[in-house]
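*Asks:* Take this structure first; my questions come after.
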């Protein structure tokens, strides 16, 4: 629910549905008034036709009774309180009232009809109907009725106020608008997804990754962002490549003067007095450290350069046991020890020498920083088709914010401590790069009790 795509999709869909509902209501409201007027006109015409027929029948009957008996009968239902409130009257041909209690507006309507202002049958007023009738003798009369129009008939509940297919139309609108908004949102967010994938690949070390912006419209913000990312990636790739090349070249170039330095040191030992031995020993020690550093730099350069390595099946348990025994022998000189808990039958596909050096780096690092008199615990087990090796020490640990930085080349949590212990800051970087090249992953965490635990995960060679 928090992704840009979902937000755009829901907002587009909601806006489309609300707009559709508003437009529908407006259009229906504009259509409703003429429909209502048309219904009222139709109702009034039908009402008037019915009244005219009833009034004509009454007029003929009343005229016949008038000529036969000399009296004028009342319209049935015209008494006070009649349901439809209708009152009918009979007039002579000249407009003289022949009925009793004629209302003024009825007399006025009849006079207008006699004078020709309104043709009979017709409506002199909206509430008076006047028709011309004939008696048995052929004499003509006028019959008039005063009435109030009743309410228009109600529509069935299923048809008003919405049309019969309203809900089907709403369902179709809902589905179509959802599909359109989904496609629109997917297309709008596509550049963002491509950019995110490129950023993730760049963060994982793939410096050749680029965002595909070919054929895109110039001036689009997301397209411009993709071009800026590509420009940034190109510059980063050039800088990193130049840095690696510089380290590789310097490391190779240092080998020759270092070899000559060792030759000169041997000559100096033969020609110097005994008092110069401490200084010469120091020169030899620093030369060995420099030679080790150059070797590690060359190894790291080869790993980062993607050099081809011979691969074979390696028994991870056997290899870890071998390295742990060597590390325990070295640790015993400083009142420390290494304990290994094996899990037989874990075979990985890789280069044995590279894996051995990687495990040496991480175990020796743990021995270097674990507390004196403590034990470095190495545990190997199978987890979900992977060989998981955990190396745990009882040292001071690492600040939480720097846990992943310890695998960077030359990174030191405490410079003084690393220098005193002889660390170069490259061993863990070689270790991490080796595991990554073998399809594995490394992580580090501080334990609640004390110390640091480094975890290595390597995929097993197709064996379960």
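*Asks:* Based on the Cβ-Cβ distance of residue 325 and residue 236, what FRET efficiency does E = 1/(1 + (r/R0)^6) give at R0 = 51 Å, to the nearest 0.05?
*Replies:* Result of the calculation: an efficiency of 0.75.
*Asks:* What does the extension gain come out to for residue 140 and residue 402, with contour length at 0.36 nm per residue minus their alpha carbon separation?
*Replies:* The span from residue 140 to residue 402 would gain 82.7 nm if fully extended.
*Asks:* Given an 8 Å cut-off on Cα distances and at least 6 residues of separation, report the relative contact order of region 312-459 as a percent.
*Replies:* Here the relative contact order equals 24 percent.
*Asks:* Quote the FRET efficiency, to the nearest 0.05, computed for residue 245 versus residue 221 with a Förster distance R0 of 25 Å and r equal to the Cβ-Cβ distance.
*Replies:* According to the calculation, E is roughly 0.10.
*Asks:* Order 87-93, 373-379 from most to least packed using the mean count of other Cβ atoms within 10 Å.
*Replies:* 87-93, 373-379
*Asks:* On a full-extension model of 0.36 nm per residue, what is the gain between residue 197 and residue 11, subtracting their alpha-carbon distance, rounded to one decimal in nm?
*Replies:* Taking residue 197 through residue 11 to full extension adds about 64.5 nm, to one decimal.
*Asks:* Sort 319, 285, 225 so that the residue with the fewest other Cβ atoms within 10 Å of its own Cβ comes first and the one with the most comes last.
*Replies:* Fewest to most other Cβ atoms nearby, the residues stand as 285, 225, 319.
*Asks:* Give me the extension gain from residue 176 to residue 449: residue separation times 0.36 nm, minus the current Cα-Cα distance, reported in nm with one decimal.
*Replies:* Contour length minus Cα-Cα distance gives 92.3 nm.
Just so you know, all these numbers are worked out from the coordinates, no wet-lab data involved. This is a predicted model, so every value here is computed, not measured. Neighbour counts are summed over all protein chains in view; Cβ atoms, including those assigned to glycine, are modelled from backbone coordinates with ideal geometry.
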